[in-house]
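Asker: Handing you a structure now.
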Amino acid sequence: MTHTRYAFVKANWHSDIVDRALEGFLELIPAEQVDVYDVPGAFEMPLLARDLAQTGRYTAVACAAFVVDGGIYRHDFVAQAVVDGLMRAGMDSGVPVLSVSLTPHQYQETDHHNAIYRDHFIQKGREAAHAALKVAKTRAGLAAAA
């Protein structure tokens, strides 16, 4: 069975930036084929990604978050845990789980930086859509050849 639905999970932390990844994703994959889910932050994405992937409804699950140094903890710890969790969700479910999770080394909440990252997230959303489509095509080819 060929699925034509995609899940897109986005963290609400810095949503003015993160939501732009969905815009880029929807430039390549029609909105009517995409179910969108919100989570509070990046750390909550892997569990939901796994649950969505295991439903069997989705060709791929894309997840977007912006993990920045908030001065309280090391953001690289969070980013690593999130990316590891997303990879595990994909491996455990057999459904591609794609990451649009960015962790800049030097981010400041200025208009200049926000504009840069808003634009960058659009591009990263497009890249996730390209990856979802390419992986789906490759996997369909493998299944047909088997």
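Read-outs throughout are calculated quantities, based only on the coordinates presented, and are distinct from any laboratory measurement. Everything numeric here is computed off the predicted structure, so don't read it as measured data. Glycine also receives a Cβ, built like all others from the backbone with ideal geometry; neighbour counts cover every protein chain displayed.
Asker: Would you mind checking which residues have amide H under 5 Å from ARG5's amide H? H placed 1.01 Å from N; only 5 or more apart, or other chain.
Answerer: For ARG5, whose amide H was placed from the backbone, the distant partners under 5 Å are THR59.
Asker: Please report the relative contact order for the chain, taking Cα pairs under 8 Å with a sequence separation of at least 6, and give it as a percent rounded to a whole number.
Answerer: Rounded, it is 32 percent for the chain.
Asker: Here's a follow-up. I'd like the orientation of helix 75-93 relative to the chain: the angle between its Cα long axis and the longest Cα principal axis, in ° from 0 to 90, rounded to 10.
Answerer: Between helix and principal axis, roughly 10 degrees.
Asker: Counting GluC sites (Glu not before Pro) as exposed when in a DSSP loop with at most 15 other beta carbons within 10 Å, what is the longest stretch of the chain free of them?
Answerer: 28-108
Asker: As a test of the formula, what do you get for the chain when each DSSP H run with n ≥ 4 contributes -39,500 (n - 2.57) and the sum is divided by the residue count, at 222 nm and rounded to the nearest 500 deg cm²/dmol?
Answerer: Only helices count here, giving -18000 deg cm²/dmol.
Asker: Let me ask something else. Between Rg and the Kirkwood Rh of the chain, both from Cα atoms, what is the Rg to Rh ratio?
Answerer: Value, to two decimals: 0.99.
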